[in-house]
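Chemist: Quick one: this structure, given as C-alpha cells, is what I'll be asking you about.
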Ligand code: COA
C-alpha cells in the first residue's frame, strides 16, 4: 500500500465527491492543493487533498476511502501519511474540518490526535445548495480540528 501524489488527469473526482458534495469547492481546492492517492497494486482505494493555508499550516481539505474498503483502517493510514508528508515539508500544524453530523469522522480524527479548535457556525447551510442530513441530524456547522506536528 502506498500514498503518492496524483498526476494531473488521474484525479478521482468520484472519490472526492464522497467527502464533499460541492463540485465547486472540489474544483477550487484541487486547483490550489496537492492531491494524493492511496494505491494498492494498480487499485486506487483512497484520496486526500492537502492545502497550505497559513504560514506553517496545512489543511486536509478532502479525504475519502472507496466505499467497499471503508472501516478497515485505511482512513487512519492516510491521516498518518498526511502527518508524515506535512512534517517533511516543514509544516507544524495540520488542520481538518468536518460536519457536526459526521460522527465517525469526529471519532476518527480525535483518535488520530486532532483536537477541536472551533466551530464555523452554519457553514454547510451558507455554502451548500441542498441540506445535508447524516445520522438523523442536519449537517449545519463545520467543526474545526487541529493537530500539532
Ligand atoms: N465510536 C467510536 N469510534 C468509531 C465509531 C463509533 N461509533 N465509528 C467509527 N469509529 C472509529 C473506528 O473505531 C475506527 O477507529 P479505530 O481504528 O481506532 O477503531 C475509525 O473510526 C475508522 O477508521 P478507518 O477504518 O481508518 O476509517 P475509513 O478507512 O473508513 O476512512 C473516512 C474514514 C471518513 C475517510 C471514510 O469512511 C470515508 O471515505 N467516508 C466518506 C467520505 C468522508 O466522509 N470523508 C471525510 C469528510 S470530513
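Chemist: Below 8 Å, C-alpha to C-alpha, sequence gap of six or more: please give me the relative contact order for the range 2-148 in percent.
Modeler: With pairs under 8 Å counted, the relative contact order is 18 percent.
Chemist: Please give the peptides 92-98, 31-37 ranked by average Cβ packing (other Cβ atoms within 10 Å per residue), highest first, as a rough proxy for protection.
Modeler: The peptides rank, most packed first, as 92-98, 31-37.
Chemist: Here's something else I'd like to know. Once the piece of chain linking residue 125 and residue 68 is laid out straight, how much longer is it, given 0.36 nm per residue of separation minus the C-alpha distance between them?
Modeler: Taking 0.36 nm per residue and subtracting the Cα distance, the gain is 17.6 nm.
Chemist: Another question, if that's okay. Beyond 26 Å, what share of the Cα-Cα pairs of the chain remains, rounded to the nearest whole percent?
Modeler: The calculated P(r) of the chain puts 20 percent of pairs beyond 26 Å.
Read-outs throughout are calculated quantities, based only on the coordinates presented, and are distinct from any laboratory measurement. Being a predicted model, the structure only gives us computed values, none of them experimental. For neighbour counting, all protein chains shown are included, and Cβ atoms are generated from backbone atoms with ideal geometry for every residue, glycine included.
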